[in-house]
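The values are calculated or read from the model by the stated rules, or taken from the named source; none is laboratory data. Keep in mind the model is a prediction, meaning the values are calculated, not measured. Please note: Cβ atoms are built from the backbone with ideal geometry, for glycine as well, and neighbour counts cover all protein chains shown. Just the protein is used for accessible areas: all its heavy atoms, side chains included, with ligands, DNA and RNA removed. Shrake-Rupley method; radii C 1.70, N 1.55, O 1.52, S 1.80 Å.
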Amino acid sequence: MRSALPVSKELQMELRVAEVDEMPWVNERYKEIRFLASEAGRDIVLIAEVDGERAGIGRVVPLSSADAEMGGIYVFEQYRRCGIARKIVEGLLEQAADFTTIYCLAFDELQEFYSSFGFSAVGTEDQVPEELLKRLRWCNNIYSKRHGTLF
């Protein structure tokens, strides 16, 4: 296993949309960390590569023609603290530009990170699509860490 990359290293990072034939690999990574699987043809999945090696993933899941959920951001351990998660989120927000509202279910300790992109806490649950509320309940049932709903 590789050691962590130094933060100061000049990384050659590329973001690209996952190909359909890469979805089994994506879903295996999500399964390893107990995230819900992505659906090929529906979800927009980005893969971050550093020097040609896969370093992280993230996705946008359409909830309707106007609403989407951004999530599944995961950076492999040896690439953490190098700014890759920020690049993934920026890329996902570009990919999701046609949606009116983009929601994000974030672990509580990551709310400041997502706030830096303009996300803010949803006022009341009646403002949130039911599918997203189901995901929030699932997350809070599966993980020991709490999630806050952001938009």
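Residues in the stretch 61-80 that are more than 15 Å from the chain's Cα centre (by Cα), surrounded by fewer than 21 Cβ atoms within 10 Å (Cβ to Cβ) and of a type outside the set (A, V, I, L, M, F, W, C): Ser64, Ser65, Asp67, Glu77, Gln78. Of all residues in the stretch 21-40, those that are more than 19 Å from Cys139 (Cα to Cα) have Cβ atoms under 7 Å from Cβ atoms of residues that are among the hydrophobic types (A, V, I, L, M, F, W, C) and open to solvent by 40 Å² or more (accessible area, probe 1.4 Å), 6 or more apart or on another chain, in Met23/Ala40; Ala40/Val20. Looking only at the stretch 121-136, decide whether some residue is open to solvent by 20 Å² or more (accessible area, probe 1.4 Å), in a strand (DSSP E or B) and either of a type outside the set (Phe, Trp, Tyr) or out of contact with any strand residue (DSSP E or B) (no Cβ under 6 Å at 6 or more places or on another chain) (or both). There is at least one residue in the stretch 121-136 that is open to solvent by 20 Å² or more (accessible area, probe 1.4 Å), in a strand (DSSP E or B) and either of a type outside the set (Phe, Trp, Tyr) or out of contact with any strand residue (DSSP E or B) (no Cβ under 6 Å at 6 or more places or on another chain) (or both). Selection of the stretch 39-54 for residues being open to solvent by less than 70 Å² (accessible area, probe 1.4 Å), out of contact with any Asp or Glu (no Cβ under 6 Å at 6 or more places or on another chain) and either at pLDDT 95 or above or hydrophobic (A, V, I, L, M, F, W, C) (or both) yields Ala40, Asp43, Ile44, Val45, Leu46, Ile47, Ala48, Val50.
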